[in-house]
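In what follows, a structure is listed as structure tokens, so that the remarks can point back to it.
The values are calculated or read from the model by the stated rules, or taken from the named source; none is laboratory data. If you're wondering where the values come from, they're calculated on a predicted model, not measured in any experiment. Quick reminder, even Gly has a Cβ in these numbers, built from the backbone with ideal geometry, and neighbours come from all protein chains shown. Ligands, DNA and RNA are excluded from the accessible area calculation, which covers all protein heavy atoms including side chains. Shrake-Rupley method; radii C 1.70, N 1.55, O 1.52, S 1.80 Å.
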Amino acid sequence: MNTKIMKVMRIIIPLTVFLLLIALYFVLHRPAKAGALQKVSEFGKYQGYSEPVYNGSKRTSDYLKLSDGTRLAYDLILPTKDGVVAEKPLPTLFKYTPYDRAWTPFDKNGHFALSELGMPWYYGPMARIRALVMPDGRGKIMDALWRTEWLVDMVNSGYAVIVVDRPGTGASFGVLKGDSEIVAHETDEILNWIAAQKWSDGNIGMFGDSIQAQIQFRAASTGNPHLKAILPATTWMDNYSALVFPGGVPDKAIANIYAKANEAFDQMATPVDQDKDGILLAQARAERQNTSALAEAVGQFDNIPYRDSLMEDGTNVWIQDETLYPLIDRINRSGVPVYLINGWYDIYARDNFLIYNNLTAPKRLLVRPTDHAGIESPSSDIDYGAEAHRWFDYWLKGIDNGIMDEPPIHYYLQGVAKTQAWQSTDVWPLKNQVLTRYYLGQGENSSEVSVNNGTTALLPPASQEAFDTYIIDYTTTTGDKPHWSAVAMPHAYPNMRSNDAKALTYTTLPLDGAIEVTGHPIVHIWLSTSAPDLDVFVYLEEVDGNGNSTYITQGELRASHRALDQAPFDNFGLPWPNHFQSELLPIPAGEPDALVFDLLPTAWRFNPGSRMRITVAFADAGNFDTPILNPAPTVQLLRESNYPSYIELPINQ
């Protein structure tokens, strides 16, 4: 009996939630009466400037042709009023994607492709209900308006939306190529094609996250006159050190989920309207041998583990294709305005600040308390759609809503009440930051929390000989839902207490007053070991009165990659290893050696009574590919006058 009840409940719960969501959708998206809204345009709020004059939309799909003959599948979404499609030319929002312009999540056997990405159990049933209740079969396809919720308001207020599959992805023909110049040329052609269509007024903005954000910058580098503004939601300046090999350490977490995600995307490719029987889609897939180029690319990373590694054809992927900085001058010359979106737990948390810092065109930066999966999603922190709407209204419609008169950077300060969380600034790093060193100190005799139970001090150590001895524990881990793999589902760090117990920790006394850390922490660690190489992970955490420890941010470095150089762009003076194979440094056995690297940026207020903790580990099991040595080597972390180990925290005063 209980089993039957559970089966019924697994249907009733998602059905109830789905019906409530439908009701909420119509409440939130019903057209407003003329003159009903007072004009408001401020950070996170927007009304009265761009009224919802339409009340629906129509999606059509077809192929466009590049000059080389490659057929690209696209979805066009136009606003409707009482079922009638808008006839006048409209400003257009454009996404160019390798992740499919639209998803067909159920195959002919009823298998739900998104289940491969660890979605909650109710996603499948809700999607099935949606497919059944929406008219004309529309519920069987997840298009741009379903996947990017804020676009609904944009369409209702008079925007056209077009999403185009890149070559070799989705229903498009051809072969996917990552070369920056090829991508730029493709976007240039498509922008010109869009501007020539009767439904477009020639004013085009681009949107999208991750690689779709990177594509926007490549489009901007062309100087195409029709591209009026872009809204890149997080991307890389240097993909080698940001994501694939942070600190030179192979990121296994992202490699695993990224391969699965792109295989799922390929399964969900959606044929265009004219391709009723899927023959054209099958032909397009056959051209690429029914494979996902992006999923296969993950398997090649092991062959190019250094920034100067070359592919078999002599290509340096990391410097030629997976970097943005070679295009920065061209982007700045184009003058295309940029509203860059970042998240404190995003995989590109550092890189978005670096990109912003090197732009001279009109620019804005928004930093949310979220990860890659939630970077464009609605949440309680901010009305993201309002910011997108204000941005595109200003640059595409010429509506003077004041967005460019506000401070250019808004960031979310964690650890405070939501009403106090949003902060603004004209510059980054903050003007009032004080770089404060917390020296790693000797252990105390109180209750054990780690291998050494170390402390911190604001004064340099005076001892001539002080160190902590540690036998590497390869089971230390940040859990199975770190921000590194949060591309489809949100991250969820565990209580770090259990990880700390197996690592080295250095913890302050309970704080007398609040301390706000906002910026880029930098760690300086002296080590001595006979191991041939080491991966070092450093975490910043907050410990409450019960000993529970909250993850805040982290940095990592493979010791052989520790040689520093000057970055090829303005990186705030942060440590910059080239990660060249030609510059690897062996560890001098038994000799002191320094490692200097930054932690990902953060904005966090430590409250009175809590403690700050620096945790040092030498593995992150399940997430990073650290070679396991047997027997496990012994390491000495030095903390003496000649070799002081410390973390430098940007304290906002």
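Taking only region 271-290 into account, find how many residues are in a helix (DSSP H, G or I) and either free of Cβ contacts under 8 Å to residues at least 12 places away in the same chain or of a type in the set (D, E, K, R) (or both). Before you say what the answer is, go through the steps one by one.
Residues of region 271-290 in a helix (DSSP H, G or I): 279-287.
Add one more test, that the residue is either free of Cβ contacts under 8 Å to residues at least 12 places away in the same chain or of a type in the set (D, E, K, R) (or both), and what stays is 279, 282, 285-287.
Looking only at that region, the number is 5.
Residues to consider are G398, G374, G343, G385; find the one that is of a type in the set (G, A, S) and free of Cβ contacts under 8 Å to residues at least 60 places away in the same chain.
One residue alone meets the criteria, G398.
Take the residues in region 136-167 that are of a type in the set (D, E, K, R) and closer than 12 Å to R101 by Cβ, then tell me which one is most open to solvent (accessible area, probe 1.4 Å). Walk me through it before giving the result.
Within region 136-167, the subset of a type in the set (D, E, K, R) is 136, 138, 140, 143, 147, 149, 153, 165-166.
Now restrict to residues that are closer than 12 Å to R101 by Cβ: 143, 147, 165-166.
Working: D143: 28, R147: 69, D165: 1, R166: 13 Å².
For region 136-167, the residue satisfying everything is R147.
Being over 16 Å from D68 (Cα atoms) and under 22 Å from the mean Cα position of the chain (by Cα) is the requirement here; does S157 meet it?
Values: over 16 Å from D68 (Cα atoms): yes; under 22 Å from the mean Cα position of the chain (by Cα): no.
The answer is no for S157.
Out of region 56-79, which residues are part of a strand (DSSP E or B) and over 13 Å from V161 (Cβ atoms)? Show your work before the answer.
So the first thing to find is which residues in region 56-79 are part of a strand (DSSP E or B), and the list is 56-65, 71-79.
Across region 56-79, the qualifying residues are G56, D62, Y63, L64, K65, R71, L72, A73.
So which pairs qualify, if the first residue must be in region 401-421 and farther than 20 Å from K39 by Cα and of a type in the set (A, V, I, L, M, F, W, C), the second must be open to solvent by 40 Å² or more (accessible area, probe 1.4 Å) and part of a helix (DSSP H, G or I), the Cβ gap must be under 8 Å, and the two must be at least 6 apart or on different chains?
Correct list of pairs: L413/Q420.
Is it true that Q442 is open to solvent by 40 Å² or more (accessible area, probe 1.4 Å), closer than 29 Å to P246 by Cα and in a strand (DSSP E or B)? Break it down into steps so the answer makes sense when it comes.
Values: open to solvent by 40 Å² or more (accessible area, probe 1.4 Å): yes; closer than 29 Å to P246 by Cα: no; in a strand (DSSP E or B): yes.
For Q442, the condition - open to solvent by 40 Å² or more (accessible area, probe 1.4 Å), closer than 29 Å to P246 by Cα and in a strand (DSSP E or B) - is not met.
Within the group L595, L599, L527, which residue is within 22 Å of W236 (Cβ to Cβ) and of a type in the set (A, V, I, L, M, F, W, C)?
Of L595, L599, L527, the one residue that is within 22 Å of W236 (Cβ to Cβ) and of a type in the set (A, V, I, L, M, F, W, C) is L599.
If you scan region 601-634, which residues turn out to be touching a Phe, Trp or Tyr at 6+ places or on another chain (Cβ under 8 Å) and either open to solvent by 20 Å² or more (accessible area, probe 1.4 Å) or in a loop (DSSP other than H, G, I, E, B) (or both)?
Across region 601-634, the qualifying residues are P601, F618, A619, D620, A621, N623, T626, I628, A632, T634.
This table checks each residue for (1) more than 26 Å from A213 (Cα to Cα); (2) touching a His at 6+ places or on another chain (Cβ under 7 Å); (3) open to solvent by 10 Å² or more (accessible area, probe 1.4 Å).
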residue	(1), (2), (3)
G69	no, no, yes
I77	no, no, no
V85	yes, no, yes
H111	yes, no, yes
G118	no, no, yes
R130	yes, no, yes
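Which one of these does I204 not meet: (1) more than 28 Å from F580 (Cβ to Cβ); (2) of a type in the set (V, I, T); (3) in a helix (DSSP H, G or I)?
The number of the failed condition is (3).
Any residue at all in region 160-171 that is assigned to a helix (DSSP H, G or I), of a type in the set (D, E), within 26 Å of the chain's Cα centre (by Cα) and modelled with pLDDT of 95 or more?
no
Which residues, counting only those in region 121-159, are of a type in the set (A, V, I, L, M, F, W, C), in contact with a helix residue (DSSP H, G or I) (Cβ under 7 Å, 6 or more places away or on another chain) and part of a loop (DSSP other than H, G, I, E, B)?
Hit for region 121-159 is W150, nothing else.
Would you point out the residue of region 41-56, among those that are within 30 Å of the chain's Cα centre (by Cα) and either open to solvent by 70 Å² or more (accessible area, probe 1.4 Å) or under 18 Å from K397 (Cβ atoms) (or both), that is modelled with the lowest pLDDT? Break it down stepwise before answering.
First, the residues of region 41-56 that are within 30 Å of the chain's Cα centre (by Cα): 41-47, 50.
Those left that are additionally either open to solvent by 70 Å² or more (accessible area, probe 1.4 Å) or under 18 Å from K397 (Cβ atoms) (or both): 41-42, 45-47, 50.
Numbers: S41: 97, E42: 97, K45: 96, Y46: 97, Q47: 95, S50: 89.
Among residues in region 41-56 that are within 30 Å of the chain's Cα centre (by Cα) and either open to solvent by 70 Å² or more (accessible area, probe 1.4 Å) or under 18 Å from K397 (Cβ atoms) (or both), the one modelled with the lowest pLDDT is S50.
Can you tell me which of G174, G170 is closer than 16 Å to Y99 by Cα, open to solvent by 10 Å² or more (accessible area, probe 1.4 Å) and small (G, A, S)? It would help to see each step written out before you state the result.
Numbers: G170 fails: open to solvent by 10 Å² or more (accessible area, probe 1.4 Å).
It is G174.
Within region 571-584, does at least one residue satisfy the condition of being in contact with a Ser or Thr (Cβ under 7 Å, 6 or more places away or on another chain), modelled with pLDDT of 95 or more and open to solvent by 20 Å² or more (accessible area, probe 1.4 Å)? Break it down into steps so the answer makes sense when it comes.
Residues of region 571-584 in contact with a Ser or Thr (Cβ under 7 Å, 6 or more places away or on another chain): 579, 581, 584.
Of the ones still in play, those that are also modelled with pLDDT of 95 or more are 579, 581, 584.
Remaining after also requiring open to solvent by 20 Å² or more (accessible area, probe 1.4 Å): 581, 584.
Yes, that holds for at least one residue.
Which is touching a residue at least 40 places away in the same chain (Cβ under 8 Å), in contact with a helix residue (DSSP H, G or I) (Cβ under 8 Å, 6 or more places away or on another chain) and either under 28 Å from I375 (Cα atoms) or of a type outside the set (F, W, Y) (or both), of T508, T478?
Result of the check over T508, T478: T478.
Regarding K228, is this residue open to solvent by 40 Å² or more (accessible area, probe 1.4 Å) and in a strand (DSSP E or B)?
Numbers: open to solvent by 40 Å² or more (accessible area, probe 1.4 Å): yes; in a strand (DSSP E or B): yes.
It is true that K228 is open to solvent by 40 Å² or more (accessible area, probe 1.4 Å) and in a strand (DSSP E or B).
With surrounded by 22 or more Cβ atoms within 10 Å (Cβ to Cβ), modelled with pLDDT of 95 or more, β-branched (V, I, T) and more than 18 Å from T323 (Cβ to Cβ) as the only criterion, which of I215, I204 stands out? If you could, list the steps in order and put the result at the bottom.
Numbers: I215 fails: more than 18 Å from T323 (Cβ to Cβ).
None of the other options fit; the residue is I204.
Applying the selection to region 460-475, what residues are charged (D, E, K, R), surrounded by 12 or more Cβ atoms within 10 Å (Cβ to Cβ) and more than 17 Å from I647 (Cβ to Cβ)?
If the condition is that a residue be charged (D, E, K, R), surrounded by 12 or more Cβ atoms within 10 Å (Cβ to Cβ) and more than 17 Å from I647 (Cβ to Cβ), then D473 is the only one that fits.
Which residue pairs have Cβ atoms under 7 Å apart, sit 6 or more places apart or on different chains, and have a first residue in region 120-137 that is over 21 Å from G83 (Cα atoms) and without any contact (Cβ under 8 Å) to a residue 60 or more places away in the chain and a second that is part of a helix (DSSP H, G or I) and hydrophobic (A, V, I, L, M, F, W, C)?
Pairs that qualify, where the first residue is over 21 Å from G83 (Cα atoms) and without any contact (Cβ under 8 Å) to a residue 60 or more places away in the chain and the partner is part of a helix (DSSP H, G or I) and hydrophobic (A, V, I, L, M, F, W, C), are Y123/L114.
Would you mind finding the one in I647, I587 that is surrounded by 18 or more Cβ atoms within 10 Å (Cβ to Cβ), of a type in the set (A, V, I, L, M) and part of a loop (DSSP other than H, G, I, E, B)?
On the way: I647 fails: part of a loop (DSSP other than H, G, I, E, B).
Among I647, I587, only I587 is surrounded by 18 or more Cβ atoms within 10 Å (Cβ to Cβ), of a type in the set (A, V, I, L, M) and part of a loop (DSSP other than H, G, I, E, B).
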